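What follows is a short report on a single structure.
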Amino acid sequence: MIELVPHIINGLTLGLLFALIALGFTLIVGVMEVINLAHGSLFALGAYFALATIGGEWFGSTDIGVWWLSLPISMRYVLALFIGPLLAAGAGMIIELCLRPTYGKAPLYGLLLTFGAALVIEEIVRLVWGTGEQSLTVPQVINGAFLMGGLIFSKYKFFAAGFALIAIGGVWFFLERTPYGAIIKAGSHDSEMVRALGYDLSKLRLLVFGFGAALAGLAGIILTPIWGLRPHVGLDVVIPAFLIIVIGGVGSFWGAVLAAVLVGLSVGVTGAYLPAWSMMSMYLLLIAVVGFRSRGLLGRKSALEN
């Protein structure tokens, strides 16, 4: 049982990070009814923006660049946590503006457009940062390992889990305790009623897409030191995110969080004993949940159900 503890902790950490990725994805699906296949690419873009911020690539070898690199890594890392998601949000808003001609048409148009956007972003990343694997430098205080109960744990994984938990709590507070969150939730239930109340649905969609993209970019920065950073990392992200919102129930906040934790645990624990089946386990979990409850764990009941 003691040997299982590190794998459970790794699974919980991975689950919380998956939840951070999936929340932005489920917000976009819930409000806009668009499956954003570029979500994983925005995840990667946020991490690359953070990489450029920490490494001072914005300034090159100028005097400002030299001064920037003289700043403590902890300060540059904290700034990257703000700059990366903000720039990813800007990229997400551009995608939303391109999506507007597809509204009211078959969902396939939006699906294909976001797929094309994902390919464009990946190629831009290859041109700017190259095709090789990159690593994101983190402050020394959260790097390394520590001993607890005779077991060795990674400091960074605990930091990542705690950060994801705080971010999830912040998103919940925003959606449940602020007027803007109430509008977003209303938009996911009945967009026409939101329009009838005098709110600009176009601005709402733009902000929701930007918010979801910012969450993807933030998750990219936090998860990169664990997963590594490469141009096609977005593909490794978008599939679990999609599975999580299906397992948890489309449009359900806590459904996405619960599903993400279950997926993380299944991948972590299965990887301890059957490494070859670690990624397969989340697909088996999807089949098990949807087979017994088609709307997901906490999804809203369909009018077609008894």
| query | Only one residue in F59, F18, F25 is open to solvent by 10 Å² or more (accessible area, probe 1.4 Å), at pLDDT below 95 and of a type in the set (F, W, Y). Which one? | reply | F59
| task | Search the stretch 278-293 for residues being modelled with pLDDT of 85 or more and open to solvent by 80 Å² or more (accessible area, probe 1.4 Å), and hand back the single one that is farthest from I21 (Cα to Cα). | result | F292
| field | Odd one out for I35, checked against (1) touching a helix residue (DSSP H, G or I) at 6+ places or on another chain (Cβ under 7 Å); (2) open to solvent by 10 Å² or more (accessible area, probe 1.4 Å); (3) over 30 Å from L147 (Cβ atoms); (4) in a helix (DSSP H, G or I) | value | (4)
| said: Which of the numbered conditions does L17 fail, given that it passes all the others? Conditions: (1) touching a Lys or Arg at 6+ places or on another chain (Cβ under 8 Å); (2) in contact (Cβ under 8 Å) with a residue 24 or more places away in the chain. | reply: (1)
| request: Run down L87, L97, L42, L79 and say which single residue is over 30 Å from I245 (Cβ atoms) and either β-branched (V, I, T) or part of a helix (DSSP H, G or I) (or both). | output: L79
| message | Of the residues L108, L112, only one is in a helix (DSSP H, G or I), open to solvent by 90 Å² or more (accessible area, probe 1.4 Å), at pLDDT below 90 and out of contact with any Pro (no Cβ under 8 Å at 6 or more places or on another chain); which? | response | L108
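One line per residue, one yes/no per condition, for (1) more than 30 Å from T26 (Cβ to Cβ); (2) buried (at least 19 other Cβ atoms within 10 Å of the Cβ); (3) touching a helix residue (DSSP H, G or I) at 6+ places or on another chain (Cβ under 6 Å):
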site	(1), (2), (3)
V138	no, yes, yes
A145	yes, no, no
G149	yes, no, no
S154	no, yes, no
F159	no, no, yes
I166	no, no, no
W172	no, no, no
| Cβ-Cβ under 6 Å pairs, at least 6 apart or on other chains, the stretch 127-148 side touching a residue at least 24 places away in the same chain (Cβ under 8 Å), far side open to solvent by 40 Å² or more (accessible area, probe 1.4 Å) | E133/R230; L136/P225; V138/P225; P139/I73; P139/S74
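The values are calculated or read from the model by the stated rules, or taken from the named source; none is laboratory data. What you see is a predicted model; the values in this text were computed from it and never measured. Glycine also receives a Cβ, built like all others from the backbone with ideal geometry; neighbour counts cover every protein chain displayed. These area figures cover heavy atoms from the full protein model, side chains too; ligands, DNA and RNA do not enter into them. Shrake-Rupley method; radii C 1.70, N 1.55, O 1.52, S 1.80 Å.
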